[in-house]
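A short write-up of the structure that comes next.
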Amino acid sequence: MAAGGVEEQRRRLGRLSALSVYRRAAGAGRLERRRRGTPLPAGSKRAKARPRRGGAGSGGRQPEAAPPIAAAARPSRLERAEAPTGGPEAKRQGGPAASPGGPRPPGEGGGVVGLLRRLGRVEDSRQRAAELFRWLVAPVAPGEFLGRHWERAPLLVRRGDPGYYAGLFSTADLDAALRGGEVRFGTHLDVTSYAEGVRETHNPSGRALPAVVWDFYQNGCSLRLLSPQAFSPTVWHFLSILQEHFGSMAGANTYLTPPGTQGFAPHYDDIEAFVLQLEGKKHWRVYSPRTDTEVLPQFSSANLTQAELGEPILETVLEAGDLLYFPRGFIHQGDCLPDAHSLHITVSSYQRNSWGDLLEKLLPAALQMALEEDVEYRQGLPMDYLRYMGVANSDAVDARRTAFMEKVQSLIKKLVDYAPIDAAVDQRAKSFLHDCLPPVLTQSEKAQSVYGFPARWQDGGPCDVDILITKETEVRLLRHGIIRLCNEETGVVLYYTTENSRVYHKEEPKFLEIDPEYTDSIEFLLSSYPNHVSVDTLPCETLEDKISLATLLFEKGILTTKKPLVQV
């Protein structure tokens, strides 16, 4: 085609955006309309990036379909949380708080990077996690937060400090991830829009190239990066510490929204959500659960319409440095004001981590044990029970019904005696360890672990290969929360997190089958933490066993030494 013809065609067609090209190529049927839980098209299935917990504001899984919801009571008070930054209300909700670890050393810097560096000097990983959580909700004390807000009510913290989260994640970090070439639509990145009550996802297939992604954004689409910890070392470090405080997987998503737009429909999630405003500002509305069944739900809702919402209990504009927390079951939606974009990260936890989830593992095991050990559970049902039991007979007055009900209640009550509670907790802990991010090591930890061991190729052969642990070597666990002993059918198993992936469940659960006589030594290491102990003090039968166990755990990154084994 002649040059003039090409120019004429361009003038005739105009500039086609990525969004318009996608609409033309895919057609309306290919656009994912998330109304009432419409399932993803077969070609849009998502691979296992670390779970997305929630929709517009929650770093969680995409809302799932839910049964129709009945009308519910409205909240009694509308709280518009926009106090003046200088007033006492602003001070209560979020004045500047002291950084964990005391005064900031010269040259160390502020923001999240400086915070993580200071936390790295805290010896006990449990204390490190508690200090990070204290910083997250500051200036509200953790005890006050747990007593007044956790699983109960939203919390708004206004800090008046745009740099509070500096270094955690930014639009520049998102752009760098796109330019790294590993981000794929659907698996790692969702392109979304919400307009005129319609929620759409506009994901092409394949890699998310910067030119295409930023064209979508320029045309009014929101960008949700799923599991930013897979691309950002800082987010990985942040979550890897926080997960030990929750005792439950800590996940995250980031959300970049253009000015004057909204990317997600109103909905509620199945996670506890901490919204950290990183850049710009965003207008938020939060609504109480509408029925008792929506309080602390097991699963996220479908997308809701504005007509289903009623009045919000909290309405505010988050600015950089602010925090908004809301429990699972609280409906929420966020939209951008016309004059600024918004970037926030939602940190989430406590998905399927309830008493009911524990009982789902515990009760079947209790029943199995009762059937094996108690003949009363194996005795046959009455021959005629079908004649007086069942819904058709539920209103009948019959002594046999009364006796039957009392028998069932007696068996259920006695079932508690057979409940292997500790074993069920261990099974949940095993699942949690599989969910965990691997630990991020400080420079000193690396030097004292297998990850900094100087084995290398030099002068034509391997050098510094032998791990020489002796009875005088002082060791300790890398972190308190990185291991769990479980009794399995095959024997005693030690699960650990040091070889996990930053990508959710990319690796199978990591474990060591150990001899039962080593369990006392594992428990000794746990109880001694964070102190170092000499290998000779491990309660194994022989010195050879002590050195063998310590060497194995060191090679798996579970143990560190007080001093580097090899001086380089």
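The values are calculated or read from the model by the stated rules, or taken from the named source; none is laboratory data. Please read these numbers as outputs of a predicted model, since none were measured by experiment. Ideal geometry is used to build each Cβ from the backbone, glycine not excepted, and the neighbour counts take in all protein chains shown. Each accessible area value is taken on the protein alone, full model and side chains, heavy atoms only, with ligands, DNA and RNA left out. Shrake-Rupley method; radii C 1.70, N 1.55, O 1.52, S 1.80 Å.
Side notes on the structure shown:
- Antiparallel beta bridges, as assigned by DSSP with both residues in segment 410-514, represent about 100 percent of the total such bridges.
- Mean-position separation - Cα centroids, segment 355-422 and segment 488-523, in angstrom: 36 Å
- Each residue was assigned an accessible area with a 1.4 Å probe, and for V212 the value is about 50 Å².
- Sum of side-chain charges, K510 neighbourhood, beta-carbon under 13 Å (Lys, Arg +1; Asp, Glu -1): -2
- Segment A176-Q298, extension gain: residue separation times 0.36 nm, minus the distance between their alpha carbons: 40.4 nm
- Counting protein heavy atoms only, segment 99-213 has 51 percent of its accessible area on carbon and sulfur, 1.4 angstrom probe.
- Potential lengthening of the chain between E123 and A455 amounts to 116.8 nm, from the contour at 0.36 nm per residue minus the alpha-carbon distance.
- V465 versus R387: modelled label distance in nm, points set 7 Å from Cα along the beta carbon direction: 8.2 nm
- Heavy atoms of R121 accessible to a 1.4 Å probe, total area in Å² rounded to 10: 130 Å²
- Per residue, in Å², the accessible surface of segment 144-353 once ligands and nucleic acids are set aside, probe 1.4 Å: 30 Å²
- Rounded to the nearest 0.05, the FRET efficiency derived from the C-beta distance between A195 and A141 at R0 = 60 Å is 0.90.
- Taking label points 7 Å from Cα along the Cα-to-Cβ direction, E360 and Q443 give a separation of 4.5 nm.
- On a per residue basis, segment 459-568 carries 52 Å² of accessible surface, using protein heavy atoms and a 1.4 Å probe.
- For Y496, solvent-accessible area (1.4 Å; no DNA, RNA or ligand), Å²: 10 Å²
- Accessible surface of segment 257-391, 1.4 Å probe, proportion on carbon and sulfur as whole %: 58 percent
- Taking 13 Å as the cut-off, no amide N atom of segment 475-491 comes nearer than this to a point 7 Å along the Cα-to-beta-carbon line of H505.
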